[in-house]
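All remarks here apply to the structure that follows.
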Amino acid sequence: MMFTVFLIFLAVCAPMLIGIWISRYLKYKAHVNRELQVLQQQIQDNSLPELRQEVSALKKRVVTLEAIVTSHGYELNEKISNL
């Protein structure tokens with residue numbers, strides 16, 4: 001008799017407990033996904049100005065190197081080095 005009551009209790013409570021666990025898992029998963037999206041947006045927002053500054057600095061270096069390579073003095077030094 002006691003075992004039968006236990007089985008009935010288990011048959012009634014088990015689906016409810018599984019439903020509660022699934023519901024909590026889905027809420028947790030949604031919460032984690034929202035936090036992940038916020039962090040990804042922060043990473044993108046923070047890295048964009050830094051990348052722009054780095055590209056600007058690299059452009060300035062390229063301009064300087066182009067000026068050096070195309071200058072008359074550089075050509076003269078190359079000709080002297082080749083002799």
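The values are calculated or read from the model by the stated rules, or taken from the named source; none is laboratory data. Keep in mind that this is a model prediction, so the values were computed, not measured. Positions of Cβ are backbone-derived with ideal geometry, glycine not excepted, and every protein chain shown enters the neighbour counts. Side chains are part of the model used for accessible areas, which takes the heavy atoms of the whole protein and leaves out ligands, DNA and RNA. Shrake-Rupley method; radii C 1.70, N 1.55, O 1.52, S 1.80 Å.
Below is a table of values for the structure above.
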{"item": "Test for Leu65: is it at pLDDT below 80 and among the hydrophobic types (A, V, I, L, M, F, W, C)", "result": "no"}
{"item": "Residue count for the stretch 1-56, restricted to those that are of a type in the set (D, E, K, R) and outside any helix (DSSP H, G or I)", "result": "0"}
{"item": "Hits in the stretch 9-20 (condition: open to solvent by 100 Å² or more (accessible area, probe 1.4 Å) and modelled with pLDDT of 90 or more)", "result": "Met16"}
{"item": "Residues of the stretch 49-68 satisfying the condition of being more than 24 Å from Glu78 (Cβ to Cβ), of a type in the set (A, V, I, L, M, F, W, C) and open to solvent by 80 Å² or more (accessible area, probe 1.4 Å)", "result": "Leu51, Leu58"}
